[in-house]
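A short worksheet on the structure shown next.
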């Protein structure tokens, strides 16, 4: 058991430390930042107010403005775009530059926010000279809250074009894009802090909705928020794992995770529904997950599900799913795996906040299990701190200042 204290009060959690330092070795590596290759990464508007310095704007008559309200942590300013001029072609801010010498895997990241349904996104293109070789984009976002988007690319990977010619890219183009269909006209899309970094580590998060939720209907997962507590260069990828996935779903989920070649995996098994075979089925599923990680030699860290928002008449938080939480902790000990007891950590925070003040962490009064953006961010900070509890001073990939502010 490893106790620790947060800035807002005593928060004790349980972390099985066997092999933790070895598991975290990949993220002890510093991440190279190629800031000089992106001009004006903060998207500052030119003195004329009609352009973004260092970026090309399409269409050029697009209305732009700076916004300093409600920004993500560590962001000083954002660019607000008012969508106008209906067209099948997307609007775009674009910038093209040479691929940094010696660069291998890179990440283009940035923040996107939209008051419109599926309106804004970030796209990346690779070129050989003037010939486009490849394009890829992040999710087309529809959330009114800020979302961090990260796109991983390998500029050294050969690409075969339609004519069968194999080439390796020498240029990257980054685009902040917005749709201009009739339903988007008059709406607004925001972009902020566009960065290019070298991949330092890849983290895979497998779990149910409290870990992997994308933000629909106000529900957010801590796995999606974890990147907010990582320094540039860390890739966090989430994979949805239902409470009772069948064999095919489990196989597909693990196949996608393995393909990402993560440096380590955070697995949060979902508490199963009530029933006579509840624990037996959950145990079998968890053992299958542990076996899958071992089969593919993926370093695995187990995470217990967070607490439900449940209080008694005296305002005391009620522990639920104790049998399942115990199962996860016991499975970790038996397999000599690290376990982050997120259930204990979140229980203590609920007890501190109480029934009324804890409402902001959830999507509604009636929904006791789905966390809001604020709640997911708090859970992610708890996970990040637990990961760094042994040697926080030597883990540059985790932003412990951000963790401290969130806790």
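None of the figures in this text is laboratory data; all of them are computed from the coordinates on show. It should be emphasised that the depicted structure is a prediction, and the values quoted were computed from it without experimental measurement. Positions of Cβ are generated from backbone atoms using ideal geometry, with glycine treated the same way; all protein chains shown enter the neighbour counts.
What number, in percent, do you get for the relative contact order of the chain if the mean sequence gap of Cα pairs under 8 Å and at least 6 apart is divided by its residue count?
18
Test of understanding: express the Cα radius of gyration of the range 35-198 as a ratio to 2.2 N^0.38 Å, with N the residue count.
1.03
Which residue fluctuates most in the GNM of the chain (Cα springs below 10 Å): 214, 116, 226?
For the chain, modelled as a Gaussian network with Cα springs under 10 Å, the answer is 116.
Would you mind putting 266-273, 358-365 in packing order, based on average other-beta-carbon counts within 10 Å, highest first?
Order by mean packing, descending: 266-273, 358-365.
Roughly speaking, what is the stretch gain from residue 118 to residue 368, that is 0.36 nm per residue apart minus the C-alpha to C-alpha distance, in nm to one decimal?
Taking 0.36 nm per residue and subtracting the Cα distance, the gain is 87.2 nm.
How far apart, in nm, are the 7 Å Cα→Cβ label points at residue 50 and residue 360?
4.3
Got the relative contact order for the range 196-291 handy, in percent, Cα pairs under 8 Å and 6 or more residues apart?
33
Under 10 Å, Cα contacts only: if you run a Gaussian network model on the chain, which one of 227, 76, 377 comes out with the highest mean-square fluctuation?
Among 227, 76, 377, the largest mean-square fluctuation in the Gaussian network model of the chain belongs to 76.
Give the calculated FRET efficiency between residue 162 and residue 297 to the nearest 0.05, with a Förster radius of 45 Å applied to their Cβ-Cβ distance.
It comes to 0.75.
Using only Cα positions of the range 250-407, each an equal point scatterer, no hydration layer, compute I(q)/I(0) via Debye at q = 0.09 Å⁻¹ and quote the log10 values to two decimals.
After summing over all Cα pairs, the log10 values are -0.33.
Determine by what factor the alpha-carbon radius of gyration of the chain differs from 2.2 N^0.38 Å, reporting the quotient.
Against the compact-globule rule of thumb, the ratio is 1.03.
What's the extension gain from residue 185 to residue 336 if we count 0.36 nm per residue and subtract their Cα-Cα distance?
Fully extending the segment from residue 185 to residue 336 adds 48.8 nm.
Any chance you could check the Cα centroid distance between the range 254-325 and the range 42-105 for me, in angstrom?
Cα centroid to Cα centroid, the span is 41 Å.
Can you compute the helix-only [θ] at 222 nm over the chain? Use -39500 (n - 2.57) per DSSP H run of at least 4 residues, normalise by all residues, nearest 500 deg cm²/dmol.
Estimated from H runs of four or more residues: -7000 deg cm²/dmol.
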